[in-house]
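A.B. asks: Encoded as C-alpha cells, here's the structure I'll be asking about.
The values are calculated or read from the model by the stated rules, or taken from the named source; none is laboratory data. Bear in mind that the values here come from a model prediction, so they are computed numbers and not experimental data. Here the Cβ is made from the backbone with ideal geometry for all residues, glycine too, and neighbour counts use every protein chain on show.
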Amino acid sequence: MATDQPTLPDGYVHESAFSELLDMRVRDPDDGTSEVIMPIKPGHLQQAGRVQGGIVVALADYAMFRAIKALLNPGEATTTIELKVNFLAAAEKGELTATAKIISPGRRLMVGEMEVRDQDGKLIAQGLGTYMVLQPRQ
C-alpha cells in the first residue's frame, strides 16, 4: 500500500516493487482519478534515444490502476482486460506524467481514459482501457 511506503523528497511514494523498478511515483486524490510521475532514465530508452513504447503503456496502465483502486471495495482487486494506446509524440528526457480518470465505474467492468504528457505538457500518448473488478476469493 502507498501508506506503507516511505514518502520521497518530492512528496510522491512508490506503492510496489513494480512502481519502484520504473520509478513511477504516485500522488492520488482517491476520487477515481490519478497522477503518476516517472522521471525518464537511460534504462527507459530504446536504441533511437526515445522512451520505449512499452514503458509509456506501463505508465498509462499503472495510472489507471491507481484511479480504479480508490473505487474498489475492501478485498476487491482489478486486472486489465483491454488497453488501447495511441502514441502521438516521442519523449526523450525529463519526466512523464500520466493522468487517468474513470469514465464508467461499473460493478464488474470499469472503463477509463489516460494521457501521458512530457514535462512541457506535450501530449505523448492517449489511451482507453477496460478493467475487470475481481471479487475476493472465498
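A.B. asks: Could you list all residues from region 106-119 that are more than 30 Å from A48 (Cβ to Cβ) and loosely packed, with under 15 Cβ neighbours inside 10 Å?
C.D. replies: Scanning region 106-119 gives G106, R107, R108, L109.
A.B. asks: Right, another one. Return the residues of region 59-100 that are in contact (Cβ under 8 Å) with a residue 60 or more places away in the chain, among the hydrophobic types (A, V, I, L, M, F, W, C) and buried (at least 18 other Cβ atoms within 10 Å of the Cβ); say none if nothing qualifies.
C.D. replies: A60, M64, F65, I68, A98, A100
A.B. asks: Name the residues in region 101-138 that are polar (S, T, N, Q), closer than 28 Å to P74 by Cβ and touching a residue at least 24 places away in the same chain (Cβ under 8 Å), would you?
C.D. replies: T130, Q135
A.B. asks: Which ones in region 10-53 are modelled with pLDDT of 80 or more, of a type in the set (S, T, Y) and surrounded by 18 or more Cβ atoms within 10 Å (Cβ to Cβ)?
C.D. replies: S19, S34
A.B. asks: Given region 48-138, what strands (runs of 3 or more DSSP E) lie entirely inside it while holding 1 or more residues that are more than 21 Å from D23 (Cβ to Cβ) and out of contact with any strand residue (DSSP E or B) (no Cβ under 8 Å at 6 or more places or on another chain)?
C.D. replies: The strands (runs of 3 or more DSSP E) meeting that bar are 95-105.
A.B. asks: Is it the case, given these coordinates, that I124 is within 18 Å of V36 (Cα to Cα), modelled with pLDDT under 95 and not acidic (D, E)?
C.D. replies: No, not satisfied.
A.B. asks: Filter region 120-138 for residues that are polar (S, T, N, Q) and surrounded by fewer than 16 Cβ atoms within 10 Å (Cβ to Cβ); which is farthest from the chain's Cα centre (by Cα)?
C.D. replies: Applying the filter and picking the extreme gives Q138.
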